[in-house]
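Report on the structure given below.
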Amino acid sequence: MDPGVEKDSRQMEVVDLESGRPNDAATVERQDSLFREAVRAEHAGASDWDEQDSWGRTMRLAFQCVGILYGDIGTSPLYVYSSTFEHGIEHTDDVVGVLSLIIYSFLLFTVIKIVFIALHANDHGDGGTFALYTLISRHAKVSLIPNHQAEDELISGYSNIGKPSATLRKAHWLKQLLETSKSAKISLFLLTILAIAMVISDAVLTPPISVLSAVGGLREKAPHLTTDQIVWITVAILVVLFAVQRYGTDKVGYSFAPIILLWLFLIGAIGLYNLIKHDISVLRAFNPKYIINYFHRNKKEGWVSLGAILLCFTGSEALFANLGYFSIRSIQLSFSFVLLPSVLLTYIGQAAFLTKNPMHVANTFFAATPISLFWPTFIMAIAASIIGSQAMISCTFATVSHLQSLSCFPRVKIFHTSKRFPGQLYIPGVNFLLCAAACIITVSFKTTAIIGKAHEICVILVMIITTLLMTIVMLLVWKINSLWIAFFFVIFTSTEVVYLSSVLYKFPHGPYVPVAMSVVLMVVMIVWHYVHVKRYKYEVEHTTSTDKVKEMLESHDLKRVPGVALFYTELVQGIPPIFPHLIEKIPTIHAVLVFISIKHLPVPHVDIPERFIFRQVEVRDYKVYRCVARYGYRDSLEEAKDFVVILLESLQHYIRDVNLYTSDEPQYISCHSSRNHSFSREKPSGRHAVHAEDMLTPIESFSEITVISNCGSNRLPQFKTSKMNMEELVKIEQEQLIIEKEMEKSVVYILGETEVVARPHSSLLKKIVVNYIYSFLRKNFVQGQKILFIPHRQLLKVGISYEI
């Protein structure tokens with residue numbers, strides 16, 4: 001609980017085991033999501049956390065984020081002017097006009113929009129398009145997979161206050177629209193995956209343009225080098241860059257911040273030197289009238305050049321997406337006092353140099369570098385371009401991992417390269433494809449001007465989609481004044497659309513490449529998600545009834561074998577249709593059977609004490625349970641052995657609680673058993689009490705315990721003091737002991753090998769999508785048992801075919 005915050009007067013009483021009366025000494029704090037959100041909102045103005053927002057910690061984070069977040073945006077001066085003046089400088093005043101556009105574009109899109117607005121829309125430290133989508137998903141049921149459960153909203157960190165206030169009509173209207181309109185859900189989903197596809201395409205283009213720009217500086221000292229030689233040197237550096245990804249960045253990551261910090265100070269100092277030496281009058285570019293003069297003088301050519309000018313804020317999307325664990329204040333401080341002056345001084349100094357030396361526009365950065373500083377600057381440029389590329393590569397690995405949690409991407413093997421930093425990932429297949437694509441782009445395009453044109457559309461499309469999603473967040477989550485929302489939407493959408501029109505005009509000359517890559521990625525994501533949703537709905541429609549399960553379990557032909565069986569299914573409720581298929585083929589059941597559903601929630605993390613929810617399946621004597629294991633999109637799955645230990649310890653807690661508590665009325669969902677008992681040996685943060693009758697229904701019930709706040713009801717969770725005797729307590733202990741002994745005998749993992757085909761009378765398009773594209777993806781990507789780390793010797797696969 002936050003220090004200095006008064007305890008909520010609404011508390012849950014605990015009944016004394018011996019007397020059956022409320023125990024005043026055992027009062028438990030109420031910390032439901034509404035209370036936590038109110039506390040957070042009340043203290044947000046002062047500080048988020050006292051420890052995190054201390055100045056010492058803020059300054060350390062400000063230093064560290066320089067190396068992680070600013071590599072890409074800090075290397076943009078290497079190629080912006082050369083891309084803008086591709087055909088040379090016709091009038092020196094054009095340099096001032098372009099500088100004015102760079103200054104105000106950078107201030108508007110990067111500083112105001114990203115650093116001072118969008119960063120506040122982070123999802124518990126995660127930023128980017130995916131985080132915006134998950135933030136929206138927690139306030140409106142926009143998922144296309146019908147697996148939402150009310151108890152998911154009880155997860156700490158879900159931060160969903162519930163229904164918007166009746167007075168906030170716009171927020172309520174938008175929530176209703178998103179939840180009831182299938183086209184709205186699909187549109188939001190498509191926008192999100194389009195932005196994600198563009199970010200991945202950006203990760204293909206950033207290494208070539210950054211490294212090629214840096215390596216191109218060699219021509220200042222070795223003018224005899226040909227374009228092809230520069231290209232192959234770049235390819236060699238790229239191959240090394242992607243080859244070392246498997247080792248992670250934790251061993252060298254500590255050096256990123258000093259290198260980028262030194263790079264920013266160096267280019268800022270060179271910019272100041274050029275400004276003083278060549279033409280201090282370029283400072284008049286801060287007057288926006290030179291933008292008007294530039295367009296009046298160049299007309300169509302000036303409008304077309306906007307696409308290259310937007311490269312000055314490339315890296316802004318990576319800054320937002322790689323927000324990570326840095327505080328907002330630390331980013332704003334380091335950006336305002338380190339990156340912003342350094343980058344602006346660099347652009348201003350280059351403009352001053354070009355007014356006197358317009359013939360050097362093709363290699364502005366290195367031509368403007370003093371001779372005595374050339375080699376240090378060249379080495380630092382190579383290092384900074386590699387670090388900037390590394391940020392985009394790491395962002396891609398994290399994005400693919402997040403996509404899998406949305407069931408939008410085929411299964412791929414993910415390695416964690418650091419025990420200290422669980423967010424550092426390595427995906428071999430994705431790394432190989434990125435490397436191949438980056439090398440092909442470099443060899444094919446050869447120059448930064450053409451690669452820059454391809455890069456432009458990634459930057460501007462992600463910016464536009466961010467604006468659209470931010471507008472939804474403002475309406476639905478922040479619920480701020482409509483005038484501010486309209487102002488934000490109109491200003492940024494109108495300007496970004498102008499930049500987009502300039503980029504689309506040059507579509508045949510480069511932008512088609514990332515668009516083609518994004519289309520391929522979107523087809524993969526849409527097909528995988530479409531079939532997943534159809535398969536899930538098929539299983540929901542064909543779930544095995546309770547009576548059918550009871551009949552199977554009581555059948556005389558059914559044999560019991562020792563051990564524990566973990567039956568993996570995607571259904572969060574009901575018994576999957578593959579279970580009776582298994583019993584029909586092999587009429588055998590283990591002593592303990594647990595149906596497990598791995599479910600990813602739209603939150604970054606789910607604490608282990610909140611991970612599992614259980615329900616016992618009739619008949620009780622057969623020890624058959626259902627379990628939902630909940631993970632955040634940044635959580636990694638445990639090794640099979642560790643998972644089983646945690647799961648069965650949690651199951652033992654559930655068995656104890658379900659027998660200790662009773663109620664004569666219909667039972668509702670509660671996360672009590674998993675929430676209040678730490679089977680990871682960690683102390684839970686607190687007990688959550690909810691108005692069960694308001695949120696949950698008996699049909700959705702998982703646990704048989706109801707935890708109710710005394711402010712909402714007079715009913716309390718009662719121990720079975722009048723019914724329970726010592727024999728029953730011993731029986732509970734024996735049942736827990738049986739679970740432990742059966743686990744020691746053997747653990748078998750049962751996995752469904754589901755073949756999905758289109759129905760015979762389906763359309764030709766659906767048959768192509770399901771029977772060919774999805775089938776190809778499924779056969780050529782990692783199988784489920786490898787993702788779940790299941791030992792091959794303990795695996796049992798059950799084949800079945802679904803017609804969707």
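For Phe702, state whether it is modelled with pLDDT under 85, open to solvent by 40 Å² or more (accessible area, probe 1.4 Å) and part of a loop (DSSP other than H, G, I, E, B).
In short, no.
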remark   = Within segment 483-514, the count of residues that are in contact with a Ser or Thr (Cβ under 8 Å, 6 or more places away or on another chain) and surrounded by fewer than 18 Cβ atoms within 10 Å (Cβ to Cβ) comes to 2
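It is to be established whether one or more residues within segment 746-766 are within 18 Å of Met522 (Cα to Cα) and open to solvent by less than 60 Å² (accessible area, probe 1.4 Å).
For segment 746-766, residues within 18 Å of Met522 (Cα to Cα) and open to solvent by less than 60 Å² (accessible area, probe 1.4 Å): present.
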Close pairs (7 angstrom Cβ cut-off, 6 or more residues apart or separate chains): assigned by the TED database to the domain that holds Val644 and more than 30 Å from His590 (Cα to Cα) in segment 746-774, of a type in the set (S, T, N, Q) and assigned to a helix (DSSP H, G or I) anywhere = Val757/Asn771; Ala758/Asn771
task = Would you mind stating whether Ser187 is over 29 Å from the mean Cα position of the chain (by Cα), farther than 27 Å from Phe415 by Cα and either surrounded by 14 or more Cβ atoms within 10 Å (Cβ to Cβ) or of a type in the set (Ser, Thr, Tyr) (or both)?
result = no
remark   = In the set His402, His416, the lone residue that is in the same structural domain as Tyr79 (by the TED database), under 30 Å from Ile145 (Cβ atoms) and open to solvent by 30 Å² or more (accessible area, probe 1.4 Å) is His416
task = Might you let me know whether segment 505-524 holds any residue that is without any contact (Cβ under 8 Å) to a residue 40 or more places away in the chain and not in a helix (DSSP H, G or I)?
result = no
remark   = Going through (1) part of a helix (DSSP H, G or I); (2) exposed (fewer than 13 other Cβ atoms within 10 Å of the Cβ); (3) in contact (Cβ under 8 Å) with a residue 60 or more places away in the chain one by one, Pro562 fails only at (1)
inquiry  = For segment 648-662, check the following and say yes or no: at least one residue is of a type in the set (A, V, I, L, M, F, W, C), in a strand (DSSP E or B) and either open to solvent by 40 Å² or more (accessible area, probe 1.4 Å) or assigned by the TED database to the domain that holds Ile739 (or both).
reply    = no
ask   = Of the residues that sit in segment 770-804 and are of a type in the set (Val, Ile, Thr) and closer than 30 Å to Phe415 by Cα, which one is most open to solvent (accessible area, probe 1.4 Å)?
value = Ile773
ask   = modelled with pLDDT under 90 and in a helix (DSSP H, G or I) - does that describe any residue in segment 431-442?
value = no
request  = Identify, from the list Glu179, Glu151, the residue that is more than 17 Å from the chain's Cα centre (by Cα), assigned to a helix (DSSP H, G or I), at pLDDT below 85 and farther than 30 Å from Phe397 by Cβ.
outcome  = Glu151
Tally of residues being open to solvent by 10 Å² or more (accessible area, probe 1.4 Å), in a helix (DSSP H, G or I) and not β-branched (Val, Ile, Thr) across segment 63-93 = 6
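How do the helices (runs of 4 or more DSSP H) wholly within segment 295-387 filter down when requiring 3 or more residues that are buried (at least 19 other Cβ atoms within 10 Å of the Cβ) and among the small types (Gly, Ala, Ser): which remain?
316-321, 340-356
With the structure loaded, tell me whether Asp53 is touching a Gly at 6+ places or on another chain (Cβ under 7 Å), closer than 16 Å to Ile331 by Cβ and modelled with pLDDT under 90 or whether it fails that test.
In short, no.
The values are calculated or read from the model by the stated rules, or taken from the named source; none is laboratory data. Bear in mind the structure is a predicted one, so any value in this text is a computation, not a measurement. Every residue, glycine among them, receives a Cβ derived from its backbone with ideal geometry; neighbour counts consider all protein chains shown. Protein only, heavy atoms only, side chains kept; ligands, DNA and RNA dropped before computing areas. Shrake-Rupley method; radii C 1.70, N 1.55, O 1.52, S 1.80 Å.
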